[in-house]
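Before any comments, here is the structure.
The values are calculated or read from the model by the stated rules, or taken from the named source; none is laboratory data. Quick caveat: nothing in here was measured; it's all calculated off a predicted structure. Here the Cβ positions follow ideal geometry from the backbone for every residue, glycine too, while neighbour counts run over all protein chains shown. The accessibility values were calculated without ligands, DNA or RNA, using every heavy atom of the protein model including side chains. Shrake-Rupley method; radii C 1.70, N 1.55, O 1.52, S 1.80 Å.
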Amino acid sequence: KAGVTQTPRYLIKTRGQQVTLSCSPISGHRSVSWYQQTPGQGLQFLFEYFSETQRNKGNFPGRFSGRQFSNSRSEMNVSTLELGDSALYLCASSLEAIPLGAEAFFGQGTRLTVV
Amino acid sequence: AQKITQTQPGMFVQEKEAVTLDCTYDTSDPSYGLFWYKQPSSGEMIFLIYQGSYDQQNATEGRYSLNFQKARKSANLVISASQLGDSAMYFCAMRSISNTGKLIFGQGTTLQVKP
C-alpha cells in the first residue's frame with residue numbers, strides 16, 4: 001500500500017515568487033491536511049480538506065491557499081513568498097477526521113527554502 | 001484555547017533502558033484524542049500510539065506505552081528497552097471533538113539513545 005506522496009521533496013524559490021506543493025494521499029483517504037514546520041514555531045496547522053471542501057483553516061495569511069481534487073489529491077499554493085515561509089511543509093491523510101482516533105499518515109514533506 | 005506542552009527539549013537515554021517523554025495538554029472539550037509521533041531526520045512523521053479521552057486503560061503498542069492521567073491532563077510516552085533507532089524527535093499531539101480535522105502539536109522532544 002503506497003504511502004502519502006509529496007512532491008517535490010525540495011524547492012528553492014526567490015522572494016516574491018509563488019510555489020505549488022502537491023500531496024497524494026493514501027488510496028481511499030479523503031481527508032488531507034497541511035502543516036508548516038519551522039524551528040521557531042514548530043508544527044502549525046494550515047488547513048484541512050475533505051471531499052474537495054476546506055473544512056478547517058489555521059491562522060495563516062491569505063497568501064497560503066489550497067485545494068483538493070476529486071481524486072483526493074491536494075495542492076497548496078503560497079504566493080508572494082517571504083523569507084519566513086522557508087519551512088518543511090507536511091501533508092497528512094486519513095480516512096476520516098472523525099472518529100477522533102483516525103490515524104493521520106504523513107508524507108516526507110517538502111522542504112521549501114526562500115532566498 | 002487548546003494547547004500541548006512538552007517541557008523537555010532534549011533527552012538522553014542509555015540503550016536498552018526505558019525513557020519517559022512528558023506531555024501535558026489543555027482543552028475544554030470533553031472528547032479528545034492524544035497522539036504521539038516520531039520524526040526521524042528524514043522528516044516523515046511516524047504514528048506511534050493513540051489514547052482516547054474516554055479510554056479506561058492506557059494504550060500500548062509494542063515497546064511504546066502511554067501513561068494517561070486525565071485529571072492531571074498528562075499523556076506521557078514511555079519507551080521501553082530503547083534502541084539506537086529510537087533517536088529522533090518526538091511530538092505529542094491532540095485532536096478534539098470541536099476540531100477533528102486539526103492536530104495540535106507540542107514543540108517536540110529530541111531523544112538521543114547512547115550505545
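Couple of notes before you dig in:
- The number of residues in region B:6-26 that are more than 18 Å from A:Gly42 (Cβ to Cβ) and buried (at least 17 other Cβ atoms within 10 Å of the Cβ) comes to 2.
- Region B:57-98: number of residues that are more than 18 Å from B:Pro40 (Cα to Cα), within 14 Å of chain A (Cβ to nearest Cβ) and assigned to a strand (DSSP E or B): 7
- Residue within region B:53-65 that is open to solvent by less than 10 Å² (accessible area, probe 1.4 Å), of a type in the set (A, V, I, L, M) and touching a strand residue (DSSP E or B) at 6+ places or on another chain (Cβ under 8 Å) present: no
- The sole residue among B:Gly101, B:Gly43 that is assigned to a loop (DSSP other than H, G, I, E, B), at the interface with another protein chain (Cβ under 8 Å from one of its Cβ atoms) and either open to solvent by less than 50 Å² (accessible area, probe 1.4 Å) or of a type in the set (D, E, K, R) (or both) is B:Gly43.
- Matching entry among A:Gly40, A:Gly58 (being out of contact with any Asp or Glu (no Cβ under 7 Å at 6 or more places or on another chain) and closer than 22 Å to B:Ile46 by Cα): A:Gly40
- Of all residues making up region A:66-76, the number that are charged (D, E, K, R) and open to solvent by less than 10 Å² (accessible area, probe 1.4 Å): 0
- Some residue of region A:77-86 being open to solvent by 60 Å² or more (accessible area, probe 1.4 Å), more than 16 Å from A:Leu21 (Cβ to Cβ) and modelled with pLDDT under 95: no
- Residue match in region A:2-15 (condition: facing chain B (nearest Cβ under 10 Å) and over 19 Å from A:Ala104 (Cβ atoms)): yes
- Tabulated pairs, region B:34-51, first over 20 Å from B:Ser96 (Cα atoms), second modelled with pLDDT under 95 and open to solvent by 50 Å² or more (accessible area, probe 1.4 Å), C-beta under 7 angstrom, 6+ apart or interchain: B:Lys38/B:Ile46; B:Ser42/A:Gln108; B:Gly43/A:Gln108; B:Glu44/A:Gln108
- Entry remark, region A:45-65: residues being of a type in the set (Lys, Arg) and open to solvent by 60 Å² or more (accessible area, probe 1.4 Å) number 2 in total.
- Restricting B:Lys38, B:Lys3 to residues that are within 23 Å of A:Leu90 (Cβ to Cβ), surrounded by fewer than 19 Cβ atoms within 10 Å (Cβ to Cβ), within 14 Å of chain A (Cβ to nearest Cβ) and of a type in the set (D, E, K, R) narrows the list to B:Lys3.
- Restricted to region A:1-44, the set of strands (runs of 3 or more DSSP E) holding at least 2 residues that are open to solvent by 60 Å² or more (accessible area, probe 1.4 Å) and touching a strand residue (DSSP E or B) at 6+ places or on another chain (Cβ under 8 Å) comprises A:5-7, A:10-13.
Conditions tested, residue by residue: (1) within 14 Å of chain B (Cβ to nearest Cβ); (2) assigned to a loop (DSSP other than H, G, I, E, B).
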{"position": "A:Asn56", "(1), (2)": "yes, no"}
{"position": "A:Asn59", "(1), (2)": "yes, yes"}
{"position": "A:Ser65", "(1), (2)": "no, no"}
{"position": "A:Asn71", "(1), (2)": "no, yes"}
{"position": "A:Asn77", "(1), (2)": "no, no"}
{"position": "A:Thr80", "(1), (2)": "no, yes"}
{"position": "A:Gly84", "(1), (2)": "no, no"}
{"position": "A:Cys91", "(1), (2)": "yes, no"}
{"position": "A:Glu96", "(1), (2)": "yes, yes"}
